[in-house]
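In what follows, a structure is listed as structure tokens, so that the remarks can point back to it.
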Amino acid sequence: VIEWPPFSPDLSPIETLWNDMKDYIQEHYPQVHRSYPRLRAAVQEAWDSISLERVKELVRTMRDRCQAVIDADGWDTKW
């Protein structure tokens, strides 16, 4: 059994992907938030821009993420 803090964003690679998508949208579509269809298209484009290599990279960091949370006694980490 692995004990870790519930809902810890430090242990969730998807949180990093959400941040990547947010940054992509802000960079490419700073005014898109006024139109739902345009926002939806921008979100889809941001999701499509994430490479399989990026996902694999985040999965490879899981051991380090878990160790960082253990070392920090469940508090914030660099992740």
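Charge dipole of the chain (Cα centre as origin; +1 on each Lys and Arg Cβ, -1 on each Asp and Glu Cβ, all else neutral): 360 debye, rounded to the nearest 20.
Computed over the chain, the quotient of the alpha carbon radius of gyration and 2.2 N^0.38 Å is 1.34. With the charge dipole of the chain set up from +1 on Lys and Arg Cβ and -1 on Asp and Glu Cβ about the Cα centre, the Cα lying farthest toward the positive end among the listed residues A68, W79, P37 is that of P37.
Pairs of Cα atoms nearer than 8 Å and 6+ residues apart set the relative contact order; for the chain it is 45 percent.
Any read-out appearing in this document is the output of simple, stated calculations on the displayed coordinates, not a laboratory observation. All values derive from a computational prediction rather than experimental measurement. All Cβ positions, even for glycine, are placed from backbone atoms using ideal geometry, and neighbour counts span all protein chains on display.
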